[in-house]
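Asker: Here you go, one structure.
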Amino acid sequence: MKKILLIATGGTIASGSTKEGLSPVIGAGELLQYVEEYRDFCSVDVVQPFSLDSTNIYARHWLELAALIELHFSRYDGFVISHGTDTMAFTAAALSYLVQNSQKPIVLTGSQKPIDLPVTDARTNLLDSLRFAAEPKAHGVNIVFGGSVIAGTRAKKERSKSFDAFSSINYPNKAVIRDGRVLFYVDDKDRSGGGVHFFHRLNERILLLKLMPGMDGTVLKHLFPYYDGVVIEAFGVGGFPEYGNVPFYPEIRRWTDAGKLVMMATQVTHEGSDMEVYRVGKVIKEEFGLMEAYDMTLEATVTKVMWALGQTGDPREFRRLFYETVNHDILLRE
Ligand code: ASP
């Protein structure tokens, strides 16, 4: 029988009502009591490193989770992390970079409703996750939610209330789970050779900046002292506005001359960036050798930048690390 470690971190799945609103109060052991059927296919130990609304989860917690998995890696066949849905896609992407090439599955799940309510998605999601983590063909970091299995770098929370909260962006679901059966669309465990690789550093001086009509380079000028890199969510396939008292152009020069990273991405969820289509993108991309995120999700882009800048300060090595495919995160590239 497979041995799974359940790592409980809070979120709606473990929440109860308090005077101040929903807050995580249900412990890891109690969560398991709602899904006793798991005993038919796996044994589960539990650990609870913290109990938070995922609004409060960031890089420090991602590193803690990766370290916990590393500590227990040899003792378990798979890992399930119960987590709030709001930042789950960021955590799943961050763990995809911090724990690479794992032959053992690392599954994130949560729910839109607390596990102790009569009508809830929590019990199905938790049981599905344990089931997936016990599957011989499962590997790597995935989100299991609403019957879908989504690569950890491809997930996005697209619905704030419905039970099918997460979508896989620019990539198919890896599997679906129907009536307790896992059906694989992407069956690639055999192709992922080599051993697991754990990383221990992230650069947190990264900012995600969304363009809006009227924004000019003033914003970059003010942010300059505080960040080593900025990911810019441009419009459409990508480009910069050319107006303003402080245009973007000289500010991007200031950033790149100082060895800081300017990474282009798009605020459009589906289909990705391609800065070379329009003059507003192509000229500036070529002038400064800007990198773009192509078909990657914003969550994956931001966490991959944090990871790659945590490994190297050399721009050429950064480019190599960033464009290497990790957990199905990028299909298009330069
Ligand atoms: N605010 C909650 C959280 O992310 C929402 C959820 O879990 O669905 O922790």
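Every number here is computed from the coordinates shown, using simple stated rules; none is lab data. Note that the structure is predicted; figures quoted are calculated from it, not measured. Glycine gets a Cβ as well: all are built from the backbone with ideal geometry, and neighbour counts include every protein chain shown.
Asker: Relative to the longest principal axis of the C-alpha atoms of the chain, give the angle of the C-alpha long axis of helix 279-288, reported between 0 and 90° and rounded to the nearest 10°.
Answerer: 90 degrees
Asker: Per residue of segment 198-208, in order, report the coupling 6.51 cos²θ - 1.76 cosθ + 1.60 (Karplus, θ = phi - 60°) as ³J(HN,Hα) in whole Hz, putting x for Gly and Pro.
Answerer: 9, 10, 10, 9, 9, 8, 8, 7, 10, 10, 9
Asker: Going down the list Lys161/Lys189; Lys260/Lys304; Lys104/Lys161; Lys156/Lys304; Lys156/Lys282, which pairs span over 22 Å between their C-alpha atoms?
Answerer: Where the Cα-Cα span goes over 22 Å, the pairs concerned are Lys161/Lys189; Lys104/Lys161; Lys156/Lys282.
Asker: Right, another one. List the aspartates and glutamates whose Cα sits under 18 Å from the Cα of Lys210, skipping any in the same chain fewer than 8 residues away.
Answerer: Cα-Cα hits under 18 Å: Glu158, Asp228, Glu233, Glu242, Glu251, Glu271, Asp274, Glu292, Asp295, Glu299.
Asker: Among Arg39, Arg181, rank each residue by its count of other Cβ atoms within 10 Å, from fewest to most, as a rough exposure measure.
Answerer: In order of increasing Cβ crowding within 10 Å: Arg181, Arg39.
Asker: Still on this structure, I have one more. Kindly write out, for segment 296-306 in residue order, the coupling ³J(HN,Hα) from the Karplus curve 6.51 cos²θ - 1.76 cosθ + 1.60 (θ = phi - 60°), rounded to whole Hz, with x marking Gly and Pro.
Answerer: With coefficients 6.51, -1.76 and 1.60, one gets 6, 6, 5, 4, 5, 4, 4, 6, 5, 4, 4 Hz.
Asker: On to the next question. Of His328, His83, His200, how do they rank once you tally other Cβ atoms within 10 Å and put the fewest first?
Answerer: With the sparsest Cβ surroundings first, the list reads His200, His328, His83.
Asker: Taking N as the number of residues in the chain, what value does Rg over Cα atoms divided by 2.2 N^0.38 Å take?
Answerer: Dividing the Cα Rg of the chain by 2.2 N^0.38 Å gives 1.02.
Asker: What order, most packed first, do the peptides 202-209, 258-265, 3-10, 297-304 have when packing is the mean number of other Cβ atoms within 10 Å of each residue?
Answerer: 297-304, 3-10, 258-265, 202-209
Asker: Multiply the residue separation of Gln33 and Lys19 by 0.36 nm, subtract the distance between their alpha-carbon atoms, and state the gained length in nm to one decimal.
Answerer: So the chain would gain 2.5 nm between Gln33 and Lys19.
Asker: Can I ask one more? Give me the net charge of Ser148's neighbourhood, meaning all other residues with Cβ under 13 Å from the Cβ of Ser148; Lys, Arg count +1, Asp, Glu -1.
Answerer: Here the charged neighbours net out to +2.
Asker: What is the angle, in °, between the Cα long axis of helix 248-257 and the longest principal axis of the Cα atoms in the chain? Nearest 10 is fine, range 0 to 90.
Answerer: Approximately 80 degrees, to the nearest ten.
Asker: Same structure again: What ranking of Val231, Val280 emerges when the number of other C-beta atoms within 10 Å of each C-beta is taken as an exposure proxy, fewest first?
Answerer: If I rank by nearby Cβ atoms, fewest first, I get Val280, Val231.
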